[in-house]
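A short write-up of the structure that comes next.
The values are calculated or read from the model by the stated rules, or taken from the named source; none is laboratory data. Bear in mind that the values here come from a model prediction, so they are computed numbers and not experimental data. Neighbour counts run over all protein chains shown; Cβ positions are idealised from the backbone, glycine included. The area values use the complete protein model at the heavy-atom level, side chains included, leaving out ligands, DNA and RNA. Shrake-Rupley method; radii C 1.70, N 1.55, O 1.52, S 1.80 Å.
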Amino acid sequence: MMGEGGDEAIAPSGDISLLQSPGKSCDPDSASIVLPEDSCVPYEPYEHRNVTHPLTYWDALSHMIKGALGTGILTMPHAFKDSGYLLGFLGTVAIGAFTTSCIQILVRAQYELCRRKRIPSLTYPEILGAALSEGPARFRWLAPYGRGLSFTAMIVDEIGALCVYLLFIASNLSQVCVRFWGVTDLRLYMLVLFPPLLLISWVPNLKYIVPFSSSATGVMFVSLAITMYYILGDFPSFSDRTPVGHLSDLPLFVGVTLFSLSSIGVTMPLENEMQHPRQFTARLGVLNVSSAINTTIFAAFGLLAYLKYGDEVQGSITLNLPQEDTLAVSVKLLLSVSILFTFALPHFIVYDIVWNRYLKLRMNKSPSHTALEYGFRTLIVVITCKYDFFPEFGFACSTHQ
């Protein structure tokens, strides 16, 4: 049930070794699970979690909704063009259900691994490493490499998301402001964005990011409502719309929909920081409720926008709006504000994985610990801007100028 459990949430807990001291096993089903000598009492991971600023059910729900409700939804109408409106709607619902099921399995796997290893929480790299170390004997040698692979993939993925967010904001601002200032160089807009991005990246923990995430969700809903106003106005006949697209275009639809609906990066950090972790995977828990909301919004938005514009739908639905209409222009500004506030989420994921799990223990005794922590937060923003700002380090900036 939603109110089930009085468990404390998980704090990022440093670089936890997954191998315990040798002793006797209390689990008759697995000879590979080695526990300390004096520890045959069943271990409950949730009871050993300690978070300074734990998240409530509504805090986590807000983060989960905003984690998926980003720039990807603007591409859903074009994805429906590839799949057809009937297959697109059913496919979006199916993909939403599939991703939710996968995340449920992931969270439950983490709980079981934590119970076996007698530790309170795991990061993504540690989950993969622990799963390989507990799996078939012939695959256990892959455990250290699995941790490294997962670590690298997560960092690259989230840094890539930060780069896309920065480029999206700068591109939208340039389209709005060029008529007033005549400035088209995206790098100048990125310089203007650097201070607010830096301030957002300095928010100390997920609890304090909640107001930004909630505001971003509200602003996103307003911008989508304005977009729906244009979509539903003078709605044409859709008798010539394609119900089922070409087979060759379906992989593109699946890829775009998976990218748009996915919020996997924020899943484990949120579950690990919740005041009552069981509320995350309960029947009406954070995961199921947020997935139902996001899937419904994505499916309805993609369907209606495709039925409105048909084969003329653009890669981003904002390009189909009247470019000289003040209300339509305001959508770009609202989306920019929403994504600006969302910047804190993937930034925190990188910070949590690298600093809290690997660097914190090494820096804890340093007298300049706080300065080093905020220096690392700043470095993430600098790396993001570097890859977008300099064409020789990334293609995105030069491509969109």
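Counting helices only, and only those DSSP H runs with n ≥ 4, report the 222 nm mean residue ellipticity of the chain as the sum of -39,500 (n - 2.57) divided by its residues, in deg cm²/dmol to the nearest 500. Walk me through the numbers on the way to the answer.
On the way: 16 runs with 250 residues, N = 401.
Dividing the helical sum by the residues of the chain leaves -20500 deg cm²/dmol.
Counting only protein chains, not ligands or nucleic acids, how are K207, K66 ordered by accessible area (probe 1.4 Å), most first? Spell out each step's value before the answer.
On the way: K207 65, K66 0 Å².
Final ranking, largest accessible area leading: K207, K66.
For the range 334-375, run through the trypsin sites (Lys or Arg not before Pro) and keep only the ones in DSSP coil with at most 16 other Cβ atoms within 10 Å of their Cβ.
K365
Which distance in nm do the two modelled labels at H53 and T152 give, with both placed 7 Å along the Cα-to-Cβ direction?
In this crude spin-label approximation the distance works out to 3.4 nm.
Which sequence of C102, C177 reflects their accessible areas, 1.4 Å probe, from the largest down? Provide the component values of the computation, followed by the final result.
Values: C102 55, C177 20 Å².
Solvent-accessible surface, decreasing: C102, C177.
Report the calculated FRET efficiency for R138 and V176 (r = Cβ-Cβ distance, R0 = 45 Å), to the nearest 0.05.
On the way: r = 58 Å, r/R0 = 1.28.
Efficiency, rounded to the nearest 0.05: 0.20.
Report the gain in length on full extension from F259 to I383: 0.36 nm times residue separation, minus Cα-Cα distance, nm rounded to one decimal. Walk me through the numbers before you get to the answer.
Numbers: separation 124, 0.36 × 124 = 44.64 nm, distance 2.28 nm.
Length gained between F259 and I383: 42.4 nm.
Given bins 10 angstrom wide, list per bin the percent of all Cα-Cα distances in the range 36-164, short to long.
10, 25, 35, 21, 8, 1, 0
May I ask you to derive the FRET efficiency for Q314 and I293 from their Cβ-Cβ distance with R0 = 30 Å, giving the value to the nearest 0.05?
Values: r = 26 Å, r/R0 = 0.86.
Efficiency computed from Cβ-Cβ geometry: 0.70.
Calculate, in nm to one decimal, what Y374 and S330 gain on full extension: separation in residues at 0.36 nm each, minus their alpha carbon distance.
Values: separation 44, 0.36 × 44 = 15.84 nm, distance 3.40 nm.
Difference between extended and current length: 12.4 nm.
Using the per-residue mean of other Cβ atoms lying within 10 Å as a proxy for protection, in what order, highest first, do the peptides 323-329, 161-167 fall?
Details: 323-329: 11.7, 161-167: 22.6.
In descending order of packing, they fall as 161-167, 323-329.
Mind jotting down a quarter of the surface of the convex hull over the alpha carbons of the chain, in square nanometres, one decimal? Present the calculation step by step, with values, prior to reporting the outcome.
On the way: hull surface 90.2 nm².
Convex hull of Cα atoms, orientation-averaged projection: 22.6 nm².
Taking every pair of Cα atoms in the range 308-389, average 1/r, invert it to obtain the Kirkwood radius, and report Rg/Rh to two decimals. Could you put the intermediate results ahead of the total?
Numbers: Rg = 19.9 Å, Rh = 16.1 Å.
On the Cα set of the range 308-389, Rg over Rh gives 1.23.
Considering only protein heavy atoms, what is the solvent-accessible area of T217 at a probe of 1.4 Å, reported in Å² to the nearest 10?
20
Taking 0.36 nm per intervening residue step and subtracting the Cα-Cα distance, what contour gain separates R283 from L86 on full extension?
68.1 nm
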